[in-house]
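First comes the structure, then the notes that go with it.
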C-alpha cells in the first residue's frame with residue numbers, strides 16, 4: 001500500500017520534471033525567435049529605402065517629383 005503511493009508519487013514527480021524541461025526549452029526557443037524578429041524589425045526600420053515620387057504626363061513620360 002505504502003509502496004504503491006511512493007511509486008505513484010515518483011511517477012508524478014518524473015512527469016512534472018519532464019514537463020518542466022519541455023516548457024523551459026520551448027520558452028528559450030521562443031525568446032530566441034522573438035529576439036531575432038526584433039532585430040529584423042529594427043533593421044528594416046533603420047535602413048528603409050528612400051521613397052521615390054514621380055508623375056506622368058498624358059503621353060506616358062515620367063516626370064520626377066521631389067518630396068517637400
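The values are calculated or read from the model by the stated rules, or taken from the named source; none is laboratory data. Bear in mind the structure is a predicted one, so any value in this text is a computation, not a measurement. Positions of Cβ are generated from backbone atoms using ideal geometry, with glycine treated the same way; all protein chains shown enter the neighbour counts.
Annotations for the structure displayed:
- Restricting 68, 45, 38, 34 to residues that are loosely packed, with under 10 Cβ neighbours inside 10 Å and modelled with pLDDT of 90 or more narrows the list to 45.
- Breaking point among (1) part of a loop (DSSP other than H, G, I, E, B); (2) under 26 Å from the mean Cα position of the chain (by Cα), for residue 34: (1)
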